[in-house]
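Below you will find the structure I want to go over with you.
The values are calculated or read from the model by the stated rules, or taken from the named source; none is laboratory data. This is a predicted model, so every value here is computed, not measured. Cβ: placed from backbone, ideal geometry, glycine included. Neighbour counts: every protein chain shown. All accessible areas refer to the heavy atoms of the entire protein, side chains included, with ligands and DNA or RNA removed. Shrake-Rupley method; radii C 1.70, N 1.55, O 1.52, S 1.80 Å.
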Amino acid sequence: MISAKPSITKSLSHSPRILQLKKHIVPRLLRWYRRNGRELPWRKERDPYRVLVSEIMLQQTQMSRVLQKYPLFLKRFPSFQTLARAPRSQVIRAWQGMGYNNRAVRLQQLASTVLHQYRGRLPTSILELQKLPGIGPYTAHALACFVHKVPHPVVDTNVSRVLKRLFPRELKPTQRVSEDINRIWALAHALLPHRHAYDWNQALMDLGALVCTAANPQCSKCPISQACPSAHKITRGRVRRKKQERGRDAIPNRIYRGRIIEFLRHRTNGRGVTFSLVACAVKANYTTKDERWLRGLIRGLERDGLLTIRKKKGNVFLTLPD
DNA sequence: AAGGCGTGGAA
DNA sequence: TTTCCAAGCCT
């Protein structure tokens, strides 16, 4: 659990500026949310399982993609039980188009854990939730609030961006990234209106997604721009260069991983497909000098539970796991 | 603590 | 065409 140091939390919740801003901001943003908030399927769900699926799908994934896949996945796997007992291959196939396939594996592992260790009930506490596979600080807090209605703050990339712009002084980056993260959570906690935690969290995320966007924020449409030191002063999003990823032919390894799984989704039948067939399907101009590299990728996918390696008569066959 | 991990539409 | 990015998590 992300827990702010008490001293920081206390100083924040007692800061005159924080208190004044909170009094000003909370009612305005909640009013804006009632009028402009998005109507999303998971916002009216009561079943913990169905909310959980939405939160996992939304990790680093665009709304439009989730809106498309969410109902299909729930129809195929309506409960912890059906998901836990399904063949892994079916879960991976249902995840097609979502990206980050590890999430599908962890979600199924989570379903199994909930079924067998928690009697089919999703844990309530942040601590227990965060022990589950695929659930980190954000998702644990989101589930506590959105499923169990416990007044916890949530900090995702949207909330983080909004708060940094609203409190540039309090959240000025330090030397340590972990310290920066602690401060954001502490501030989110200090701002939280406990009686309206659910709507407040959703409102902050909607504001970040619709108005206070990373590039070209619409400050003129922002309900709290009056209280925002950064209003109309944001010229451009950060242009931080990312380090080049390891791969082949300027294509990152994870792209090849994705291609391998995508190929197996469609071409796997019965015995599976041979190593060489996968090799040709996945990389243009595949040669034997790529063999060591490709074997490494496949080993990694096997470790992640995303495929199964079978050896018959000296040949290697690949399939999605049972 | 930094780097690995997909996908496909938009800029 | 290329680049960038979107409700994070894990090691």
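Quick one: putting +1 on the C-beta of Lys and Arg, -1 on the C-beta of Asp and Glu, what dipole do you get for region A:1-215 around its Cα centre, in Debye to the nearest 20?
Details: 35 positive and 11 negative charges, 57 e Å.
It works out to roughly 280 debye.
Are there trypsin sites (Lys or Arg not before Pro) in region A:105-173 that DSSP puts in a loop and that have at most 11 other Cβ atoms within 10 Å, and which ones? Write down the numbers at each step before the final one.
Numbers: sites: A:ARG106, A:ARG119, A:ARG121, A:LYS131, A:LYS149, A:ARG161, A:LYS164, A:ARG165, A:ARG169; in loops: A:ARG119, A:ARG121, A:LYS149, A:ARG169.
Here the sparse-neighbourhood loop sites are A:ARG119, A:ARG121, A:LYS149, A:ARG169.
I would also like to ask the following. Restricting to Cα pairs below 8 Å that are 6+ residues apart, what does the relative contact order work out to for region A:187-298? Please round to a whole percent.
Answer for region A:187-298 is 13 percent.
If I ignore ligands, DNA and RNA and count only protein heavy atoms, how much of A:HIS152 is accessible to a 1.4 Å probe, in Å² to the nearest 10?
40
In addition: Of all the accessible heavy-atom surface of chain A, with the other protein chains kept in place and a 1.4 Å probe, what percent is carbon and sulfur?
On the way: 8980 of 18190 Å².
Solvent-exposed carbon and sulfur of chain A make up 49 percent of the total.
Going by accessible area, probe 1.4 Å, with all protein chains left in place, what is the ranking of A:LYS22, A:LYS172, largest first?
Details: A:LYS22 55, A:LYS172 130 Å².
Correct descending sequence by accessible area is A:LYS172, A:LYS22.
So, one more: Give a residue-ordered list of calculated ³J(HN,Hα) values for region A:260-272 (Karplus: 6.51 cos²θ - 1.76 cosθ + 1.60, θ = phi - 60°; whole Hz; x for Gly, Pro).
4, 5, 4, 5, 5, 4, 9, 9, 6, 9, x, 6, x
How many angstrom lie between the C-alpha centres of region A:243-281 and region A:130-149?
Region A:243-281 and region A:130-149 have Cα centres spaced 32 Å from each other.
Turning to a different aspect of this structure: Taking the solvent-accessible surface of protein heavy atoms with a 1.4 Å probe, what is the per residue accessible area of region A:1-215 in Å²?
Numbers: 10720 Å² over 215 residues.
Result: 50 Å² of accessible area for each residue.
Ranked from the most accessible area to the least, with a 1.4 Å probe and all protein chains present, what is the order of A:HIS266, A:HIS194?
A:HIS266, A:HIS194
Have a look at A:THR113, A:THR235, A:THR139 and tell me which one the Gaussian network model of chain A (Cα, springs below 10 Å) gives the largest fluctuation.
The residue that fluctuates most here is A:THR235.
Once you keep just the Cα pairs under 8 angstrom separated by 6 or more residues, what percentage relative contact order results for chain A?
Computed value for chain A: 19 percent relative contact order.
Any idea what Rg and Dmax come out to for region A:176-240 if you just take the C-alpha atoms, in Å?
13.5, 39
Say R0 is 22 Å: what FRET efficiency, to the nearest 0.05, do A:SER112 and A:ARG46 get from their beta-carbon distance? Intermediate results must be reported in sequence, preceding the final value.
Details: r = 23 Å, r/R0 = 1.03.
After rounding, the FRET efficiency stands at 0.45.
Turning to a different aspect of this structure: Within the set A:LYS69/A:LYS242; A:LYS44/A:LYS69; A:LYS75/A:LYS149; A:LYS149/A:LYS172; A:LYS23/A:LYS221, which residue pairs have Cα atoms separated by over 23 Å?
Numbers: A:LYS69/A:LYS242 30 Å; A:LYS44/A:LYS69 17 Å; A:LYS75/A:LYS149 25 Å; A:LYS149/A:LYS172 31 Å; A:LYS23/A:LYS221 20 Å.
A:LYS69/A:LYS242; A:LYS75/A:LYS149; A:LYS149/A:LYS172, as the Cα separations exceed 23 Å there.
Per DSSP H run of at least 4 residues, take -39500 (n - 2.57); add these up for chain A, divide by its residues and hand me the 222 nm value, nearest 500 deg cm²/dmol. It would help to have the intermediate numbers written out before the result.
On the way: 15 runs with 175 residues, N = 322.
It comes out at -16500 deg cm²/dmol, rounded to the nearest 500.
To check my understanding: the extent here is largest minus smallest coordinate of the Cα atoms along each principal axis. What are those three numbers for region A:127-199, in Å, largest first?
34, 29, 17
Then there is this: Alpha carbons only, please: Rg and Dmax for region A:1-215, in angstrom.
Both quantities, over Cα of region A:1-215: 17.9, 56 Å.
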